[in-house]
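Have a look at the structure below, then the notes.
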Amino acid sequence: MMKRLIFAALLFSSYLFAAEELLKDDFANPKLETRRASRGEWKFVEGIATCTQDDELYKKFKNHGPIIFYDLGYEDATIRFSYQADAAVKSLVFTSNGEDGHIFRFVTGPKSTGIRAFPIDAKDHKSISLGTEGPALKPGAWVPVVVTLKGTKATVKMGDFEHTYEHSSLARPKTNLSIGFSFGTVRVKEVRVEK
(Lines give C-alpha, C1' and ligand atoms only; values in the text may rest on other atoms or scores of the structure.)
Protein backbone atom coordinates (compact mmCIF):
# COMPACT_ATOMS: atom_id res chain seq x y z
CA MET A 1 0.00 0.00 0.00
CA MET A 2 2.79 2.42 0.93
CA LYS A 3 4.55 1.76 -2.39
CA ARG A 4 1.36 2.58 -4.27
CA LEU A 5 0.96 5.85 -2.38
CA ILE A 6 4.56 6.83 -3.10
CA PHE A 7 4.15 5.93 -6.77
CA ALA A 8 0.92 7.95 -6.99
CA ALA A 9 2.59 10.94 -5.31
CA LEU A 10 5.54 10.79 -7.73
CA LEU A 11 3.22 10.49 -10.70
CA PHE A 12 1.14 13.46 -9.53
CA SER A 13 4.21 15.62 -8.86
CA SER A 14 5.66 14.84 -12.31
CA TYR A 15 2.32 15.88 -13.81
CA LEU A 16 2.41 19.17 -11.90
CA PHE A 17 5.95 19.98 -13.03
CA ALA A 18 5.70 18.72 -16.60
CA ALA A 19 6.75 21.21 -19.23
CA GLU A 20 3.97 23.05 -21.00
CA GLU A 21 4.25 22.59 -24.75
CA LEU A 22 3.89 25.91 -26.56
CA LEU A 23 4.61 24.57 -30.03
CA LYS A 24 5.04 21.24 -31.78
CA ASP A 25 5.77 21.23 -35.49
CA ASP A 26 6.29 17.84 -37.09
CA PHE A 27 5.67 19.42 -40.53
CA ALA A 28 2.66 17.15 -41.16
CA ASN A 29 0.56 20.30 -41.67
CA PRO A 30 2.02 22.43 -44.51
CA LYS A 31 -0.03 25.44 -43.33
CA LEU A 32 0.55 25.50 -39.57
CA GLU A 33 -0.95 28.75 -38.25
CA THR A 34 2.07 29.84 -36.16
CA ARG A 35 4.63 29.07 -38.92
CA ARG A 36 5.79 31.49 -41.62
CA ALA A 37 8.20 29.90 -44.12
CA SER A 38 9.63 32.41 -46.58
CA ARG A 39 12.49 33.60 -48.82
CA GLY A 40 12.41 30.34 -50.75
CA GLU A 41 10.28 27.38 -51.78
CA TRP A 42 9.87 25.31 -48.63
CA LYS A 43 8.61 21.75 -49.05
CA PHE A 44 7.03 19.75 -46.21
CA VAL A 45 7.28 16.01 -46.82
CA GLU A 46 7.32 13.08 -44.37
CA GLY A 47 7.94 15.23 -41.30
CA ILE A 48 10.76 17.30 -42.79
CA ALA A 49 10.88 20.90 -44.06
CA THR A 50 13.35 21.32 -46.93
CA CYS A 51 14.49 24.39 -48.84
CA THR A 52 17.26 25.21 -51.32
CA GLN A 53 18.38 28.82 -51.50
CA ASP A 54 17.33 30.75 -54.59
CA ASP A 55 20.15 33.21 -55.35
CA GLU A 56 17.80 35.79 -56.87
CA LEU A 57 15.64 35.79 -53.74
CA TYR A 58 18.81 36.03 -51.62
CA LYS A 59 19.72 39.26 -53.42
CA LYS A 60 16.12 40.53 -53.27
CA PHE A 61 16.06 40.09 -49.48
CA LYS A 62 19.39 41.94 -49.01
CA ASN A 63 21.57 38.84 -48.62
CA HIS A 64 19.18 36.99 -46.31
CA GLY A 65 18.43 33.35 -47.10
CA PRO A 66 15.41 31.11 -46.52
CA ILE A 67 13.82 31.22 -43.08
CA ILE A 68 11.06 29.70 -40.97
CA PHE A 69 9.47 31.97 -38.35
CA TYR A 70 7.29 30.77 -35.49
CA ASP A 71 5.05 33.45 -33.99
CA LEU A 72 4.48 32.77 -30.30
CA GLY A 73 4.96 34.63 -27.05
CA TYR A 74 7.35 33.30 -24.41
CA GLU A 75 10.10 34.50 -22.09
CA ASP A 76 11.67 31.40 -20.56
CA ALA A 77 11.49 28.39 -22.86
CA THR A 78 13.31 25.38 -24.25
CA ILE A 79 13.43 25.19 -28.04
CA ARG A 80 14.31 21.89 -29.77
CA PHE A 81 14.85 21.05 -33.41
CA SER A 82 17.17 19.09 -35.67
CA TYR A 83 18.72 20.26 -38.91
CA GLN A 84 20.73 18.83 -41.77
CA ALA A 85 22.85 21.08 -43.99
CA ASP A 86 24.50 20.10 -47.24
CA ALA A 87 28.12 21.01 -48.11
CA ALA A 88 27.10 24.26 -49.87
CA VAL A 89 25.50 25.80 -46.75
CA LYS A 90 27.54 28.71 -45.36
CA SER A 91 25.51 29.43 -42.23
CA LEU A 92 22.62 28.12 -40.12
CA VAL A 93 21.01 30.82 -37.96
CA PHE A 94 18.70 30.50 -34.94
CA THR A 95 17.21 33.73 -33.57
CA SER A 96 14.89 34.59 -30.71
CA ASN A 97 13.14 37.94 -31.26
CA GLY A 98 11.15 40.42 -29.20
CA GLU A 99 8.98 43.39 -30.09
CA ASP A 100 12.08 45.59 -30.31
CA GLY A 101 14.06 43.22 -32.55
CA HIS A 102 16.56 40.43 -32.01
CA ILE A 103 17.29 39.20 -28.46
CA PHE A 104 19.43 36.07 -28.87
CA ARG A 105 21.10 34.39 -31.85
CA PHE A 106 23.52 31.69 -32.79
CA VAL A 107 25.18 31.42 -36.19
CA THR A 108 26.80 28.12 -37.16
CA GLY A 109 29.31 28.33 -39.97
CA PRO A 110 32.07 26.23 -41.53
CA LYS A 111 34.50 26.91 -38.64
CA SER A 112 32.43 27.41 -35.46
CA THR A 113 29.19 28.63 -33.89
CA GLY A 114 29.01 32.20 -32.63
CA ILE A 115 26.59 33.18 -29.86
CA ARG A 116 25.18 36.72 -29.75
CA ALA A 117 23.02 38.89 -27.51
CA PHE A 118 21.31 42.10 -28.59
CA PRO A 119 21.21 44.66 -25.74
CA ILE A 120 18.18 46.89 -26.14
CA ASP A 121 20.20 50.00 -25.24
CA ALA A 122 23.04 49.31 -27.71
CA LYS A 123 23.52 51.84 -30.52
CA ASP A 124 21.59 50.70 -33.61
CA HIS A 125 20.65 47.55 -31.65
CA LYS A 126 24.04 45.99 -32.47
CA SER A 127 24.83 42.53 -31.19
CA ILE A 128 27.61 41.57 -28.82
CA SER A 129 29.46 38.28 -28.92
CA LEU A 130 28.99 35.90 -26.00
CA GLY A 131 31.35 33.28 -27.44
CA THR A 132 32.54 31.46 -30.54
CA GLU A 133 33.41 28.02 -29.18
CA GLY A 134 30.39 26.21 -30.64
CA PRO A 135 30.74 23.46 -33.26
CA ALA A 136 31.12 23.97 -37.00
CA LEU A 137 28.62 22.85 -39.62
CA LYS A 138 28.68 19.09 -40.26
CA PRO A 139 27.50 18.63 -43.85
CA GLY A 140 25.11 15.73 -44.26
CA ALA A 141 24.71 15.01 -40.53
CA TRP A 142 21.47 15.49 -38.62
CA VAL A 143 22.34 17.84 -35.74
CA PRO A 144 20.01 17.95 -32.72
CA VAL A 145 19.74 21.43 -31.17
CA VAL A 146 18.36 22.47 -27.78
CA VAL A 147 18.30 26.14 -26.75
CA THR A 148 17.13 26.86 -23.21
CA LEU A 149 16.42 30.51 -22.41
CA LYS A 150 15.88 31.17 -18.72
CA GLY A 151 16.18 34.65 -17.27
CA THR A 152 19.60 36.08 -18.13
CA LYS A 153 20.98 32.69 -19.25
CA ALA A 154 20.99 30.81 -22.53
CA THR A 155 22.14 27.20 -22.71
CA VAL A 156 22.96 25.96 -26.19
CA LYS A 157 23.29 22.24 -26.87
CA MET A 158 24.26 21.08 -30.37
CA GLY A 159 25.13 17.43 -30.69
CA ASP A 160 27.79 16.74 -28.01
CA PHE A 161 28.48 20.45 -27.41
CA GLU A 162 26.79 22.24 -24.49
CA HIS A 163 27.55 25.64 -22.99
CA THR A 164 25.68 28.24 -20.93
CA TYR A 165 25.98 31.95 -21.68
CA GLU A 166 24.73 34.90 -19.66
CA HIS A 167 23.70 38.46 -20.46
CA SER A 168 21.14 40.72 -18.80
CA SER A 169 19.45 41.54 -22.14
CA LEU A 170 18.24 37.94 -22.53
CA ALA A 171 15.65 38.36 -19.75
CA ARG A 172 12.98 39.94 -21.96
CA PRO A 173 9.67 38.82 -23.44
CA LYS A 174 10.02 37.13 -26.83
CA THR A 175 7.48 37.25 -29.65
CA ASN A 176 8.87 34.72 -32.13
CA LEU A 177 11.81 32.54 -33.10
CA SER A 178 13.34 31.65 -36.42
CA ILE A 179 15.57 29.11 -38.14
CA GLY A 180 17.27 30.37 -41.29
CA PHE A 181 20.26 29.68 -43.47
CA SER A 182 22.30 30.92 -46.40
CA PHE A 183 23.30 28.96 -49.53
CA GLY A 184 22.81 25.29 -50.27
CA THR A 185 19.99 23.13 -48.94
CA VAL A 186 18.79 22.73 -45.35
CA ARG A 187 16.34 20.23 -43.90
CA VAL A 188 14.61 20.82 -40.53
CA LYS A 189 12.55 18.45 -38.40
CA GLU A 190 10.88 18.09 -35.00
CA VAL A 191 10.54 21.71 -33.85
CA ARG A 192 9.26 21.97 -30.27
CA VAL A 193 8.97 24.81 -27.78
CA GLU A 194 8.29 24.07 -24.11
CA LYS A 195 7.74 26.44 -21.23
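The range 152-192 holds strands (runs of 3 or more DSSP E) entirely within its bounds, and those carrying 2 or more residues that are closer than 22 Å to Glu99 by Cα and touching a residue at least 60 places away in the same chain (Cβ under 8 Å) map to 174-182.
Just to verify a result, which residue in the range 126-145, among those that are in contact with a Lys or Arg (Cβ under 9 Å, 6 or more places away or on another chain), free of Cβ contacts under 8 Å to residues at least 40 places away in the same chain and open to solvent by 70 Å² or more (accessible area, probe 1.4 Å), is nearest to Arg172 (Cα to Cα)? The qualifying residue nearest to Arg172 (Cα to Cα) is Ser129. Checking each residue in the range 73-93 for being small (Gly, Ala, Ser) and open to solvent by less than 30 Å² (accessible area, probe 1.4 Å) picks out Ala77, Ser82, Ala85, Ser91.
Taken over the range 84-143, the residue count meeting the criterion of being among the small types (Gly, Ala, Ser) and within 15 Å of Arg187 (Cα to Cα) is 6. The sole residue among Thr148, Thr185, Thr152, Thr113 that is touching a Phe, Trp or Tyr at 6+ places or on another chain (Cβ under 9 Å) and either charged (D, E, K, R) or open to solvent by less than 60 Å² (accessible area, probe 1.4 Å) (or both) is Thr113.
Figure legend. Inter-residue proximity from the range 26-55: first residues at pLDDT below 95 and assigned to a loop (DSSP other than H, G, I, E, B), second residues of a type in the set (Ser, Thr, Tyr) and open to solvent by less than 60 Å² (accessible area, probe 1.4 Å), beta-carbon distance below 9 Å, spacing 6+ or different chains. Indicated pairs: Leu32/Tyr70; Thr34/Tyr70.
What do you reckon, is Glu194 under 15 Å from the mean Cα position of the chain (by Cα), open to solvent by 30 Å² or more (accessible area, probe 1.4 Å) and not hydrophobic (A, V, I, L, M, F, W, C)?
When the stated conditions are applied, Glu194 passes them.
The values are calculated or read from the model by the stated rules, or taken from the named source; none is laboratory data. If you're wondering where the values come from, they're calculated on a predicted model, not measured in any experiment. Please note: Cβ atoms are built from the backbone with ideal geometry, for glycine as well, and neighbour counts cover all protein chains shown. Ligands, DNA and RNA are stripped out before the accessible areas are found, and what is left, the full protein with its side chains, is counted by its heavy atoms. Shrake-Rupley method; radii C 1.70, N 1.55, O 1.52, S 1.80 Å.
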